[in-house]
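> Take a look at the following structure, please.
A short reminder: the numbers here are calculations on the coordinates, not readings from a lab. Computed from a prediction, not measured in an experiment: that's the story for all the values here. We place every Cβ from the backbone using ideal geometry, glycine too, and count neighbours over all the protein chains shown.
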Amino acid sequence: FPPAAPARAPPPPAHDPFHPEPSALADDVSALSVDTFAAPPPAAPVRVDASEEMVLGDAKFDALAVGAAPGADRAKGVLYEDPHVAVAIEHDYRGSEGRVTVRIANKAGAPLDSLKSELDAAETGLRHEFGPLSSTTLAPGEAAAQLLMLECMRPFDSTAALVVSFVSQGVPYEVKLALPTVFTKFLEPVQLSPNVFVQRWATLGAPGLEHMATFAASAGPATAAFAKTRLVELVRVAVVDGVDDGGGTIMSGATALRTGTVNAGGEKISVGCLVRLEMNEAAGAFRLTVRTAVPHVSTALSEAIQKLL
C-alpha cells in the first residue's frame, strides 16, 4: 500500500467564530465603541436662581438693600448661604458711584475649585468693573474677596444679579443672587428753601410725573417723628421746613438720583425727586405723593418709601 497521506485539518466552517475572515474581524473591531473605555461623562451643572425670591421678600437682602428692620446693618452682612457657600457683602455709595466688596466662603467639607463671580446688570444699566478674585480655590473654611465698582448711569427700578460659580467634588454649581444695590443707594439729600420747593413742585405737576398712594402704617405710628427718621436715614430725603405743614401732619422733602451720564456741558445728570407725605395718626395711615421728571422713578421711589412706613 502506498504511504498514507498526512492528515489535514478540516477547513473551518464558514462562520467559525475562532477563525473569522479578515474582513469580518475588521468589522467586529470597528463595531466596538470607544465609549466603552472612556471616562464617565461630566456631572450636569447644578443651577440655583434665588434672585427673584430674594427681591420679593428675603430678610438678608432687605437688610442690606434698605435696612429698615430693627438692628439691620445696611453697610455689611451675609447676603446668602447654603451647604456649600456663604456670600457676604460690604458696600458704600457716594453720589453715582458704589464700591462693593464680595466675600465668598467655603462651607463645604471639600475644596471648591474654579471659583468665579460675575455681574448680570440686566435692565439696571449699571456700569461695573470686577477686580480680580483673591483666590479661585478654597479649602474648607477659607474665603476669597473681590472688589466690584459700580456706577449708576440712568434711573432704574430693577436689580442686578450676582452670579457665583464653582466646582465641588467634580460637580459644577452656579448660584444667581439679587445684588442689594437698589436705586435708592444713589440718592443724595437736596437742601431746598420753602419757596424753591414750591416752585419745583409746580413745575413737576404735568400728567404722568406724579405718583400718589394712600396706605396703612405698617412699620410704626403715622407720626411726623417716626416718618422723618425713616425718610432721612433710609431714603436720604432732606426735609424742607417752612412749607405748609398742616399743623404738623404734612412733611415735604427733596432728594436727587445721581447718575454718571453727562450732559452736553459735561456735567453729570441728576434726577430731582420731591416728596410730600401726609400723616393721619388717628387712622394710622399715610398719603404719599412723589414727583420727578421720570415717571418710573416716581413710582419706584413711592414704593420704596411705602415699604419703610
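> Let's see if you can work this out: charge +1 on each Lys and Arg Cβ, -1 on each Asp and Glu Cβ, no other charges. What is the dipole magnitude of the chain about its Cα centre, in debye to the nearest 20? List each step's numbers first, then the result.
On the way: 24 positive and 35 negative charges, 212 e Å.
It comes to approximately 1020 debye.
> Please tell me the relative contact order of the chain in percent, rounded to the nearest whole number, where contacts are Cα pairs under 8 Å and at least six residues apart. List each step's numbers first, then the result.
Values: 612 pairs, mean separation 46.7, N = 309.
Relative contact order for the chain comes out at 15 percent.
> Moving on to the next point. Specify the angular offset, from 0 to 90 degrees and rounded to the nearest 10, of the alpha carbon long axis of helix 22-31 from the longest principal axis of the alpha carbons in the chain.
20 degrees
> Quick one: which of 184-193, 258-267, 71-80 comes out on top by average Cβ neighbours within 10 Å, and what's the full order, highest first? If you can, show how the numbers build up before the last one.
Working: 184-193: 18.6, 258-267: 11.6, 71-80: 15.5.
Per-residue mean Cβ counts within 10 Å order the peptides as 184-193, 71-80, 258-267.
> Straight-line reach from Lys107: which aspartates and glutamates fall under 17 Å, measuring Cα to Cα and dropping same-chain residues less than 8 apart?
Filter leaves Glu81, Asp82, Glu142, Glu174.
> Further question on the same structure: Relative to the longest principal Cα axis of the chain, at what angle does helix 194-203 sit, 0 to 90 degrees, rounded to 10?
Once rounded, one gets 60 degrees.
> Enter the angle in degrees (range 0 to 90, nearest 10) between the Cα long axis of helix 295-308 and the first principal axis of the Cα atoms of the chain, meaning the one along which they spread out most.
90 degrees
> What pairs from Lys176/Lys228; Lys60/Lys228; Lys176/Lys307; Lys116/Lys268 go past 31 Å between their alpha carbons? The partial results should precede the final answer.
Details: Lys176/Lys228 36 Å; Lys60/Lys228 25 Å; Lys176/Lys307 25 Å; Lys116/Lys268 33 Å.
Beyond 31 Å: Lys176/Lys228; Lys116/Lys268.
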